[in-house]
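The values are calculated or read from the model by the stated rules, or taken from the named source; none is laboratory data. Bear in mind the structure is a predicted one, so any value in this text is a computation, not a measurement. Every residue, glycine as well, gets a Cβ built from its backbone with ideal geometry; the counts of neighbours run over all protein chains shown. The protein model used for the area step is the full one, side chains on, heavy atoms only, and it has no ligands, DNA or RNA in it. Shrake-Rupley method; radii C 1.70, N 1.55, O 1.52, S 1.80 Å.
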Amino acid sequence: MSAAIAPAPTLAPAPILVVLGGLPGVGKSTVARALLARWPAVYMRIDTIEQTLRDSGVLFAGEVGAAGYRVAYALARTQLALGMPVLADCVNPLPVTRDAWRAVAREAQVPVLEVELICSDVAEHQRRVETRATDVPGLVAPTWQAVLQHDYSGWEQEWLVVDTANSSAAEAAQHILSMLRPLSA
């Protein structure tokens, strides 16, 4: 009786942390899906984590606060320690959240690529916010007014800016991959 020989497993990409940030409606999740189609990584989507926390019923008045980000940092740390690449999809609005993601990479001793997605065409950004459907059950997408009032600070560290008004999700993903290759070599 002969047994079939299983093919050797393919090696996963090198552990690296990629953080997609930007205001709601700029295309983070769309670009993340395009990126994940070309680069296998563990996907950490803050919207999903936060909505799951809301749905759990254990939060006071449904306020998530920093809990969603803290869960994502812990999960990312674990995955990076296991040698897996991680893609975080979040607004990443403040220096404290950006510092925390860098600390996760530093603790795991892996490179980090911080990407800020923007939509420089304000009318297009507004159209996206006002017409998008969410794929996270129960998540209520923010209004355009809420996006305009979002607490979002400028970036102080080195980061990559990708304008989704001037590129498709596939083009944005390809640009991010081109920046990722030297970091993961």
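Listed values, structure above:
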| quantity | calculated |
| --- | --- |
| Selection within the stretch 157-171 - under 14 Å from A32 (Cβ atoms) and in contact with a Ser or Thr (Cβ under 6 Å, 6 or more places away or on another chain) | A169 |
| Cβ pairs under 6 Å, 6+ apart, first in the stretch 134-155 and closer than 13 Å to G25 by Cα, second in a loop (DSSP other than H, G, I, E, B) and polar (S, T, N, Q) | A141/T134 |
| Selection count where residues are surrounded by 14 or more Cβ atoms within 10 Å (Cβ to Cβ) and of a type in the set (S, T, N, Q), scope the stretch 117-138 | 1 |
| Residues of the stretch 34-59 that turn out to be of a type outside the set (A, V, I, L, M), farther than 22 Å from V147 by Cα and touching a residue at least 60 places away in the same chain (Cβ under 8 Å), as a count | 3 |
| Residues satisfying the stated conditions in the stretch 103-113, i.e. open to solvent by less than 40 Å² (accessible area, probe 1.4 Å) and in contact (Cβ under 8 Å) with a residue 40 or more places away in the chain | V104, A105, A108, V110, L113 |
| Complete set of residues in the stretch 129-185 that are within 17 Å of L20 (Cα to Cα) and basic (K, R) | R181 |
| Subset of the stretch 139-185 [charged (D, E, K, R) and open to solvent by 70 Å² or more (accessible area, probe 1.4 Å)] | D151, E156, E158, E171, R181 |
| 2 or more residues at pLDDT below 95: qualifying helices (runs of 4 or more DSSP H) within the stretch 1-96 | 46-56, 67-81 |
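Residue-by-condition table, conditions (1) closer than 23 Å to T164 by Cα; (2) among the charged types (D, E, K, R); (3) buried (at least 19 other Cβ atoms within 10 Å of the Cβ):
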residue: A32; (1), (2), (3): yes, no, yes
residue: Q51; (1), (2), (3): no, no, yes
residue: Y69; (1), (2), (3): no, no, yes
residue: A88; (1), (2), (3): yes, no, yes
residue: P93; (1), (2), (3): yes, no, no
